[in-house]
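Undergrad: I have a structure here, written as C-alpha cells, and I will follow up with some questions on it.
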Amino acid sequence: MKNLSLSVLLFCACSTPSTVATNTPRGKPSAPVAVTAELAPSSAKVAVKFEGDAERVQIRVSGVDGLAVQSPELVLEQGAFKRGDTTTFDVAYTLPEGRAQLVVTVSGTFNGAQRARVAAFGLGSGPLPNTGDVQTTSDGERVKVITP
C-alpha cells in the first residue's frame with residue numbers, strides 16, 4: 001500500500017495541466033484611480049477619483065490621432081490626495097475630421113510605489129485612422145504598430 005501511495009503521489013506531482021487559468025493581470029500594476037470624462041465637441045470635464053492615498057501626483061492631458069489640446073498639457077504637478085478624494089478639471093481641444101482620442105495620464109506614488117494610469121476617451125465619428133500594421137507578438141497577442 002505504501003508503494004501505491006508513493007506512486008500516486010509521484011504521478012500527481014509530475015503531471016502538468018494543459019491549461020492554467022489565472023486572474024493575474026498582465027503588465028505593471030496601475031495607479032488606483034478612476035478617470036471619467038464628460039465629452040463635448042470642443043471640451044471635456046475630467047474627473048479623477050483616488051482609490052488610495054497618493055503623493056507627488058502628476059496629471060497630464062494630450063491628444064491622439066490629430067486631437068489638438070488647447071489647455072496646458074500639465075494639469076497638476078506634485079499633488080497629494082487621500083483615498084476617496086476627487087479632482088476635476090476642464091480640457092479644451094480642437095477635434096479633427098474623423099475620430100481622435102483625448103488621453104489623460106495620472107502618475108504618482110501610491111502606497112509607497114510609483115504607479116501610473118492612462119485613460120483614453122474616443123471623440124468624433126467615422127472610421128478609425130489606418131496608420132499602422134497589425135502584427136502578432138511571440139506570445140500570440142495581436143498589436144498594431146504605428147509608424148509616424
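FYI, it's all coordinate maths here, none of it is from the lab. Predicted model only: the values in this text are computed from it and were never measured. Cβ placement follows ideal geometry from the backbone for every residue including glycine, while neighbour counts extend to all protein chains displayed.
Undergrad: Among the residues of region 26-62, write down those that are of a type in the set (D, E, K, R) and within 24 Å of Ala113 (Cβ to Cβ). Don't jump to the end; show me each part of the working.
TA: From region 26-62, those of a type in the set (D, E, K, R) are 26, 28, 38, 45, 49, 51, 53, 55-56, 60; that's our starting set.
Arg26, Lys28, Lys49, Glu51, Asp53, Glu55, Arg56, Arg60 - these are the residues of region 26-62 that are of a type in the set (D, E, K, R) and within 24 Å of Ala113 (Cβ to Cβ).
Undergrad: Then there is this: Would you check if there is a residue in region 130-139 being over 20 Å from the mean Cα position of the chain (by Cα), under 24 Å from Ser30 (Cβ atoms) and part of a loop (DSSP other than H, G, I, E, B)?
TA: yes
Undergrad: Please verify whether Thr136 is without any contact (Cβ under 8 Å) to a residue 24 or more places away in the chain and of a type in the set (Ser, Thr, Tyr), treating the condition exactly as stated.
TA: Numbers: without any contact (Cβ under 8 Å) to a residue 24 or more places away in the chain: yes; of a type in the set (Ser, Thr, Tyr): yes.
Taking the combined requirement at face value, the residue satisfies it.
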